[in-house]
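The values are calculated or read from the model by the stated rules, or taken from the named source; none is laboratory data. All values derive from a computational prediction rather than experimental measurement. Here Cβ is always computed from backbone atoms with ideal geometry, including for glycine, and neighbour counts include all displayed protein chains. Side chains included, ligands, DNA and RNA excluded: accessible areas come from the protein's heavy atoms. Shrake-Rupley method; radii C 1.70, N 1.55, O 1.52, S 1.80 Å.
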Amino acid sequence: MLSRSAPAPDATVRYGPLPEQVADAWHGGAGAAARPLVVLVHGGFWRPEYDRAHTHPMAAAIRDAGWTVCSIEYRREPGRPEHAVRDVAGALAAMPGEVDGHDGRVIVAGHSAGGHLALWAASAAPAPRQVGTLALAPVADLRLAEQLHLDDGAVRDFLGAVAASRADLDPARLPAPAGATVLLHGLLDEIVPVAVAEAYTAAHPGSRLVTVPGAAHFAVIDPLSGAWPAVLAELERLSFPAAV
């Protein structure tokens with residue numbers, strides 16, 4: 001999945017002067033103009049070796065399903081989490097104006113560590129006119145993820161500190177987001193166990209957890225997986241809540 005080929009983006013736009021402060025965009029068809037912009041935040045446990053390229057297959061698939069999409073990059077520097085969150089906040093503020101072909105509303109979707117950043121932003125720095133957040137297999141509770149020693153201590157590497165000292169970056173300990181928040185998690189996920197998402201929804205009862213039987217960690221970003229229809233269904237639900 002991480003190396004699968006995909007159509008090239010229609011454009012790459014900048015939201016700042018640094019090399020990482022860019023986003024790839026895919027323009028939807030005519031119907032996308034009546035739908036929100038979908039902003040993707042990639043995962044990779046905040047580590048520098050993983051970038052937005054692996055989101056291209058899902059971005060193209062979301063475009064083909066009727067949305068305009070952009071996939072943002074951000075700085076991934078161990079021990080400097082402020083750089084990542086500052087970049088995500090800057091990208092979310094800029095993207096609705098930099099990418100056309102949508103109705104002005106925004107849905108932020110993030111996977112794994114990108115799900116953490118999407119949930120953090122939903123509470124601390126939402127995009128203008130953000131109507132929903134879709135967190136896919138998210139690292140939604142930093143303290144629990146640290147206790148589970150996910151990816152050989154990825155949380156401690158990211159923060160440069162213990163998770164208990166950075167409640168300001170922990171979605172499970174931030175105020176609940178104002179908009180609709182959905183966590184979608186495969187029940188066979190061994191990379192980020194579903195218990196991490198369950199801890200977030202316990203802390204924020206207004207959020208909704210959707211579990212996918214038989215799905216592992218990468219199935220929720222794979223357009224060829226059995227989990228993919230659930231992803232599109234939740235994007236549709238967030239885009240048109242009154243129709244559900």
Inset, instruction - State, as an integer percentage, the relative contact order of the chain based on alpha-carbon contacts under 8 Å between residues 6 or more apart. - result: 18
Inset, instruction - Please sort by residue number the GluC sites (Glu not before Pro) in segment 137-213 whose DSSP state is loop and whose Cβ has at most 14 other Cβ atoms within 10 Å. - result: Glu190
Inset, instruction - Tally up the carbon and sulfur contribution to the accessible surface of segment 109-244 as a whole percent, 1.4 Å probe, everything protein left in place. - result: 58
Inset, instruction - With a/c under 1.5 counting as rounded, go ahead and sort segment 174-244 into rounded, prolate or oblate using the C-alpha gyration tensor (a ≥ b ≥ c being the square roots of the eigenvalues; past the cut-off, prolate if a/b is larger than b/c, else oblate). - result: oblate
Legend entry - Alpha-carbon centroid distance for the pair segment 75-113 / segment 22-56, whole angstrom: 9
Legend entry - GNM top mover of Thr133, Thr201, Thr68 - the chain, alpha-carbon springs below 10 Å: Thr201
Inset, instruction - Might you report the magnitude of the Cβ-based charge dipole of the chain about its Cα centre, with Lys and Arg at +1 and Asp and Glu at -1, to the nearest 20 debye? - result: 420
Inset, instruction - State the antiparallel share, in %, of DSSP beta bridges confined to the chain, rounding to the nearest 5. - result: 25
Legend entry - Cα-based shape type of the chain, given that a ≥ b ≥ c are square roots of the gyration tensor eigenvalues and the cut on a/c is 1.5: rounded
Inset, instruction - Please label the shape of segment 101-244 as rounded, prolate or oblate, based on the square roots a ≥ b ≥ c of the eigenvalues of the alpha-carbon gyration tensor (a/c under 1.5 means rounded; beyond that, a/b larger than b/c means prolate, else oblate). - result: oblate
Inset, instruction - Mind checking the per residue accessible area of segment 128-244 for me, 1.4 Å probe, whole number of Å²? - result: 42
